[in-house]
Amino acid sequence: GAGATGIVCVPTMPTAQMFGFRYFEGGHPMPNHESMRAAEAILRALESLNSRSLVIYLISGGGSAIVEKPISEEISFEELVQTYQALLHSGAPIAQINAIRKHLSAVKGGRMAVAAAPAHQLSIMLSDVPDDAMDSLASGPTMPDSSTCEQCYDIVRQYALLPRLPKSVRRLFEMRCLE
């Protein structure tokens with residue numbers, strides 16, 4: 001069979017790179033264009049898998065920004081960054097910020113694992129979060145999401161975030177369109 005291939009997304013490019021792997025230098029604490037290219041490359045690679053495939057994820061803290069793609073095509077890169085800035089400056093604790101990030105992302109809150117089905121999947125996690133909050137590590141790309149849309153609406157209300165969010169994101173909240 002074919003050898004291992006993969007995608008590596010890091011905040012700083014390593015000096016040595018492995019053959020068969022694609023590398024992306026994602027942004028942190030704010031996503032950059034490479035963060036979005038990385039997310040798109042990962043989703044494309046995962047969608048081509050079958051039930052004989054094995055995916056091994058190595059996930060560490062900081063992954064929220066390093067790999068990111070908005071849930072809606074209507075949210076531009078600039079609006080994504082504006083949303084991250086509004087959230088990071090909101091005064092909300094990181095768990096609440098991550099809850100909103102997950103519901104606005106095509107890769108967080110278990111959506112990466114869903115994209116890889118029916119492949120076998122193994123997540124290796126280098127954690128900077130409590131053991132009972134693994135879905136918040138890098139905003140849980142391979143973990144079931146414990147946060148709800150209702151919590152996100154409450155957080156936005158509690159921290160008066162609506163006026164600080166870009167138009168496309170504000171519209172999702174106003175129309176109560178979170179998934």
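The alpha carbons of region 84-179 stretch over 42, 27, 20 Å along the principal axes, in descending order. Ordering of 132-141, 96-105, 161-170, 113-122 by packing is 96-105, 132-141, 161-170, 113-122, highest average first (other Cβ atoms within 10 Å, averaged per residue). Calculated FRET efficiency, T12 to D131, Cβ-Cβ distance, R0 = 22 Å: about 0.20 to the nearest 0.05. Along its three principal directions, the equivalent ellipsoid of the chain from the Cα gyration tensor extends over semi-axes of 28, 17, 15 Å, largest first. With both labels modelled 7 Å from their Cα along Cα-to-Cβ, the R22 to S48 distance reads 0.8 nm. For the chain, the residue among H28, S76, V156 whose Cα projects farthest onto the positive side of the dipole built from Cβ charges is S76. Between M30 and C177, the C-beta separation translates, for a Förster distance of 25 Å, into a calculated FRET efficiency of about 0.55. With each pseudo-label sitting 7 Å past Cα toward Cβ, what's the A160-A41 distance in nm, one decimal? Placing both labels 7 Å along Cα→Cβ, they lie 4.3 nm apart. Axis of helix 77-88 versus longest Cα principal axis of the chain: the two differ by about 70°, to the nearest ten degrees.
In the chain, the longest principal axis of the Cα atoms and the axis of helix 33-47 are about 60 degrees apart.
Where a number appears in this text, it was derived from the coordinates with a stated rule and is not lab data. For clarity, every value in this text was computed on a predicted model and none was experimentally measured. Virtual Cβ from ideal backbone geometry, glycine too; neighbours counted across all protein chains shown.
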